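Taking it in order: structure first as C-alpha cells, then the write-up.
Each value in this text was obtained by applying a stated rule to the coordinates, not by laboratory testing. Since the model is a prediction, treat every value here as computed from it, not as a measurement. Positions of Cβ are backbone-derived with ideal geometry, glycine not excepted, and every protein chain shown enters the neighbour counts.
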Amino acid sequence: MTDFPILYTFRRCPYAMRARMAVAVSGVAVELREIMLRDKPLEMLEASPKGTVPVLVLPDGKVLEESIDIMRWALAQSD
C-alpha cells in the first residue's frame, strides 16, 4: 500500500472533478489514478464495490466514496 491516499477518478465526471479540485486547493498529496469506466481496476472495486468515482482510499484503509466527503476530508487536512 502506498503512503499517500489514492484518489480514483474519471476526468469527465463532475463529482470526481470537484473532489480533484478540493484536493488541489488543499495542497494534500494524493496519488491520482485515472480510470476508464468500462475497465475499472480490481483494486478500486475491492475498495468500493459500487464501482463509481470518485473513491479515496486512505493509507489506513478507510474508504471515502462520496465527493462531498472527499472534499471535506481534503479541506480539513489543510486546516
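Miscellaneous remarks
- R0 of 35 Å, Cβ-Cβ distance Leu45-Ala24: FRET efficiency to nearest 0.05: 0.85
- Ascending count of other beta-carbon atoms within 10 Å, so fewest first, for Ser67, Ser48, Ser78: Ser78, Ser48, Ser67
- Cβ-based net charge around Arg12, under 12 Å, with every Lys or Arg adding one and every Asp or Glu removing one: +1
- Among Tyr8, Tyr15, a tally of other beta-carbon atoms within 10 Å of each Cβ gives an order, fewest to most, of Tyr15, Tyr8.
- From least to most packed, judged by other beta carbons within 10 angstrom and beginning with the fewest, Leu42, Leu75 follow the order Leu42, Leu75.
- Phi-derived couplings, Karplus 6.51 cos²θ - 1.76 cosθ + 1.60 at θ = phi - 60°, listed residue by residue for the range 65-79: 10, 10, 4, 5, 5, 5, 4, 4, 4, 4, 5, 5, 5, 8, 6 Hz, with x used for Gly and Pro.
- Radius, Kirkwood style, for the chain when every pair of distinct Cα atoms is counted (Å): 12.3 Å
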